[in-house]
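A short reminder: the numbers here are calculations on the coordinates, not readings from a lab. Quick caveat, the model's predicted, so the values are computed rather than measured. Counting neighbours? That spans all protein chains shown, and the Cβs are built from the backbone with ideal geometry, glycine included.
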Amino acid sequence: MNLYDLIVKKIKDIQGAGDDAAITNMSTSSMLTAEITLISSILVALVMLRMVSKILMIVAVLVVLLAALVAMPLMPRFKNEQNDSMAAMMFYVMLALAIVITLFYWGNLNV
Amino acid sequence: MVIDVQIASLFTAVSLIIIGIFAAAFLDNLIKKVIGLAFIGDGVNLFLIAMGYKPGGIVYIYLPGMAAEWFSQNAAYPLPFAMVLTSIVIGASTMAVMLGIIIVLYKKRGSLSAKEILGE
Amino acid sequence: MNLLIPLMVIVPILCALFLNLLHKKDRTIKTIAIFLALVLPALPILANYGLHYFGGYAPLIENPTLSNNLPSLITGTALNTFHPAITYSFQSAQKIFVFILGLVGLLAVFTSLFETRRPSGVYGYMMFMGIAAVTAILLTDDIFNLYVFFEIAALATVGIVLVSNVKGNYETALKYMILGSIAAPLLLLGIALLLGVTGNVNITDIIYSLKNGLVNPQNPVLLMACGLIVFGWLYGSGLPPFHTIKSAIYSKALPSGAALIQAFSVFIFIALGIIILRIFSYLPFSQWVILGVSLLAMILGITMAIVQTDIKRMIGFLAVGELGYIGIGLGLGTAFGITAGLFQAVNEAIITAFLFIGFGTVLYQTRVSDTRKLGGMMARNPVVALLVLLAGFAMAGVPPLNAFQSKLMLIQASINAGFPELGVIMILLSIVTFMTFMKAFHAVFLRPKPADLEFKNENIPKATIIALVVFMVVCIVFGLFPQVVTSYLQPLATSLAGGIV
């Protein structure tokens, strides 16, 4: 499917519940570990926002914590996202290119 | 309205790059993707050449009988042209390898569609 | 002029060309490959520090016979100090980097000659060309020369994947080349923007122009150039968003080839990272970007590694995750941090190569790389199992092995720089790395052999065991005496942190 349909499908997947594929015992422990690692590293990394403003940090940590708890099985979705298909990789490359160029071009105004 | 040569070249180069990125990302046929990638390389090479532009500049070959100071004031900047030659060769070899891989994939899978071959 | 400096690039290129010509003459290929691969780590030890100007064109300031005849329009300005030739710079940091690359290359070539049925001249060509390209990337002081060898290294990587006869390698190689043909011309566009603003491609001269006010450092064109060069750097080193294709490339190559390709990624990472720091460190924003990308690489790489079932993809994602540690060291910007990051790079190249070749023995014997289908390998090869266990301990940072020293330095550097959160994340991810490795080790070596597992080759070649023992010795030596490496890295780190060239 082309890039546009892929984007629409992705948004629908993020909103809806993930597919409940059966996971064996060995995979379950890996998924749980990956889940805990992902959420805790993101929360600790957000604490670094204390250099920008302390209130922003508290708000961001609480918001991300609540969002993660609501959308809890994050890791299966992350794993499906980072697959080998050309369309998915191309989407992320274009996204990264857009972010890098925008950040560098407008970033000098603030720093 | 006369547009400056350098600005026109830069504008063309950037349009070539954008068209190339669009083709490589959105078109399904593998050969069309490779043509898009060739466009990106051509756009960047044109950009490089446009960096060496000098209004009213002469070709940078120092013939006997030229005054050194007049030559250094008037010659176009030769470095980008040397760089572009190397860049064209690199682009050609990369295209060759990619097309070779596509030939082998076509023989194995019988299709040129990126969805089928590269999609899984 | 020290003639050994260009020889470090010319010798592997000549070796590659000979091996390709002599494809199918097994004995000659083995002799030439082993002899020249032994020369590779020896050359940087024998060479003296210094600069090498290709063609002998020294800057005018060092060439009074030529500059006396020129008008003061040229000799009275900065043009007098600019470098007209392609310059290779060989200092203490380059010595240790080229030595480690040569060592990994030697052991990878050695392993590949004995693990395949017949030594392949074409495979040797790809490996030596890649080593030559990455050596040139480490040595060069000219940013366009770096782009040329960057593309050659990408082509050599694709070549290594194509020659390994793994299922699905052609598709992966094509995807890598398509993504590369978008990212590499954008890197060239960034170089073109730098050329347009400063008029130079020599990095020392660009820095001179920026520091001495010949161009405006806050020019938005320069910021765009920085962004594009950072994007090209993301592709070359395998940071997100290119981490999935890089780990796919590692999984579709033979283990010796994968060990070499990951060394290429690590050294391209540090070479381009050092150049970005040298040119653009006056922008505080560039350090934040390096820190952010490295953090993302660490988190995404290691979380993806835990959930993999194929050994090669697991080690591939772990390799991407460990790149993040190096980037945090570089992004911190202090001399201690940069030394720690570069030391981590040296260790990572060795440890990941050790892991690939170690787990590669399992592939050599069974041709299966799925952890769900393997088991019982410890009963067959206790020596290899012990060596692979030590490699896993090394990667996770268990003392007294080398990654413990570099990770400890990184955590101390991040706390000293005022970012204790980074230290916490690094410790957390090291624990998870250890867990991932132990899970794979248990699945492959410790649990009982499944009934339907067959062995295609009975004995592991002695060459592979020798290679693993050499890696282990290097890990232990660097772990017990880290100052052996850090003493070489400190001069570069101090000059980078101080903002001097």
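What the table below lists for this structure:
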{"quantity": "27 Å Cα-Cα threshold exceeded, pairs from C:Lys30/C:Lys407; A:Lys10/B:Lys33; B:Lys107/C:Lys373; C:Lys24/C:Lys167", "calculated": "C:Lys30/C:Lys407; B:Lys107/C:Lys373"}
{"quantity": "Which of C:Ile182, C:Ile279, C:Thr28, positive extreme of dipole for chain C (C-beta unit charges)", "calculated": "C:Thr28"}
{"quantity": "Residue-by-residue Karplus 3J(HN,Hα) for the stretch C:21-28, coefficients 6.51, -1.76, 1.60, Hz, glycine and proline x", "calculated": "5, 8, 4, 5, 9, 4, 5, 5"}
{"quantity": "Mean projected area (nm²) of the alpha-carbon convex hull when the stretch C:84-178 is viewed from all directions", "calculated": "7.2 nm²"}
{"quantity": "Size of charge dipole - the protein assembly as shown - debye, nearest 20, with Cβ of Lys, Arg +1 and Asp, Glu -1, no other charges", "calculated": "1540 debye"}
{"quantity": "Rounded to whole Hz, the Karplus (6.51, -1.76, 1.60) HN-Hα couplings of the stretch C:443-450, x for glycine and proline", "calculated": "5, 8, 9, 8, 7, x, 6, x"}
{"quantity": "Around C:Asn347: net Lys/Arg minus Asp/Glu count, Cβ-Cβ under 13 Å", "calculated": "-1"}
{"quantity": "Loop sites in the stretch C:1-96: trypsin sites (Lys or Arg not before Pro), DSSP, at most 10 other Cβ within 10 Å", "calculated": "none"}
{"quantity": "Charge dipole magnitude, Cβ of K and R +1, D and E -1 - chain B, Cα centre, debye nearest 20", "calculated": "460 debye"}
{"quantity": "20 Å binning of all Cα-Cα separations within the protein assembly as shown, expressed as whole percents from 0 upward", "calculated": "17, 52, 28, 3, 0"}
{"quantity": "Summed residue charge, Cβ within 9 Å of C:Ser247's Cβ, Lys/Arg positive, Asp/Glu negative", "calculated": "+3"}
{"quantity": "For the protein assembly as shown, share of DSSP beta bridges that run antiparallel, in % to the nearest 5", "calculated": "90 percent"}
{"quantity": "Shape category assigned to the stretch A:68-111 from the gyration tensor of Cα positions, a/c cut at 1.5", "calculated": "oblate"}
{"quantity": "Stretch gain in nm, segment C:Ala58-C:Ala463, where the contour uses 0.36 nm per residue and the Cα spacing is subtracted", "calculated": "141.3 nm"}
{"quantity": "Viscosity 0.890 mPa s, temperature 25 °C, Stokes-Einstein D of the stretch B:2-118 from Kirkwood C-alpha radius, µm²/s", "calculated": "147 µm²/s"}
{"quantity": "Three-way shape call for the stretch C:236-283 based on the alpha-carbon gyration tensor, with the a/c threshold at 1.5", "calculated": "oblate"}
{"quantity": "Relative contact order, percent, chain C [alpha-carbon distance under 8 Å, six or more residues apart]", "calculated": "14 percent"}
{"quantity": "Top positive-direction residue, dipole computed over the protein assembly as shown with Cβ charges, set C:Phe231, B:Gln73, C:Val215", "calculated": "C:Phe231"}
{"quantity": "Long-range tail of P(r) for the stretch C:255-334 (Cα pairs > 23 Å, %)", "calculated": "27 percent"}
{"quantity": "Inter-probe distance in nm under a simple model that places probes 7 Å from Cα toward Cβ, at C:Phe434 and A:Leu65", "calculated": "2.7 nm"}
{"quantity": "Neighbourhood charge, 13 Å Cβ-Cβ cut-off, centred on C:Tyr235 and excluding it, Lys, Arg +1 and Asp, Glu -1", "calculated": "+1"}
{"quantity": "Shape parameters for chain C, alpha-carbon atoms, Rg then Dmax in Å", "calculated": "22.5, 84"}
